[in-house]
Amino acid sequence: MDDQVIKKTQDTLGKIIKKPPLTEKLLRKPPFRFLHDIMTSVIKTTGFMKGLFTDKEMNSENVKDKDNKISFLQKAIDLVVLVTGSQLPVRPSKIIAGHEPENTNEFLQALATAINKKVDNEEFVKKAKGQTPGEPEGTKPSSATKSSKDRQRDRSKDKERESSSDKRRRGQKERERERDKDKDSEDKRSSRRPTSKESDRKDRKDSGKKDERDRRGSGRKERDEATKENEKDRRDKRKHDKEKDDRRKDDTPPSDENEPVLNGDINGEHEPEEEAPPRISRPSSAKGPRRRHRDGRALDLSDGLNEEEEEIE
């Protein structure tokens with residue numbers, strides 16, 4: 001809201017009343033209690049609007065619900081419009097909701113203008129309440145009263161239209177909030193969802209891990225197979241060596257224990273060796289051995305032997 005609007009309100013109405021203080025904070029969004037205090041202060045200070053409100057309405061504690069607040073503000077607006085002769089864009093329902101503070105400040109400025117006119121308050125109060133000036137209260141309403149009732153009906157219709165429009169706006173705002181929530185949730189889901197590049201990197205990484213596991217598994221399997229083959233070869237070699245040793249034992253001749261003992265110990269006793277039988281000399285040939293003479297002639301040795309034998313005999 002423009003600061004000039006607030007300053008104008010302070011320069012006009014602020015010169016008439018001192019309480020409540022017209023601070024910038026309160027004028028930017030005037031609450032109902034603040035406006036109620038302004039009306040009662042105007043009545044006490046200037047006498048303007050005296051008799052417009054009931055004794056019950058003069059106590060802010062009795063004006064709590066929405067309808068009573070709207071009725072209170074509508075009375076003040078009607079009187080100001082009636083005195084100034086100018087229409088105001090302000091609406092009580094917007095004032096209560098804290099909307100359109102510019103229009104609320106315009107109403108307060110018009111209130112100061114009406115006070116400064118120094119009109120007959122009683123006459124205008126009766127007009128505002130739908131009574132003919134000089135007519136006692138409780139009499140049959142005149143045509144002016146009927147027009148006032150018509151205005152009240154129009155205001156009630158305006159209230160209904162405003163309430164329906166407010167409901168539509170609230171419903172629209174709620175739908176917008178729901179759409180925003182759905183959009184936020186969708187954005188969160190999309191942010192959590194990995195992109196195509198991220199998914200490709202993840203797939204490659206997973207596939208690399210799988211290949212690594214496969215290689216490790218295949219290498220472990222090959223090592224196991226090689227270990228099994230080596231174990232099998234060692235078993236076959238041991239079996240072959242055992243068979244070879246068995247064949248070597250079968251081919252070995254019997255030991256000396258099975259042979260007869262010759263010239264050895266029997267039961268720890270030494271047996272004397274048996275004397276070999278005398279060798280029978282082979283008789284020499286009848287002619288005897290022959291020797292060759294140096295000149296090559298053969299000598300007959302048998303003659304010499306015979307001679308020796310005869311000598312011996």
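Looking at segment 1-61, what helices (runs of 4 or more DSSP H) fall wholly within it and have at least 1 residues that are at negative phi and among the aromatic types (F, W, Y)? Can you show your working first?
Working: elements: 3-12, 24-28, 32-46.
Filter on segment 1-61 gives 32-46.
What number of residues within segment 40-71 satisfy the criterion of being within 23 Å of K25 (Cβ to Cβ), open to solvent by less than 30 Å² (accessible area, probe 1.4 Å) and out of contact with any helix residue (DSSP H, G or I) (no Cβ under 6 Å at 6 or more places or on another chain)?
3
Determine whether T104 is at pLDDT 65 or above and part of a helix (DSSP H, G or I).
Judged against the criteria, T104 is a match.
The values are calculated or read from the model by the stated rules, or taken from the named source; none is laboratory data. Values in this document were obtained by computation on a predicted structure and should not be read as measured data. Here Cβ is always computed from backbone atoms with ideal geometry, including for glycine, and neighbour counts include all displayed protein chains. With ligands, DNA and RNA removed, areas are computed over all heavy atoms of the protein, side chains included. Shrake-Rupley method; radii C 1.70, N 1.55, O 1.52, S 1.80 Å.
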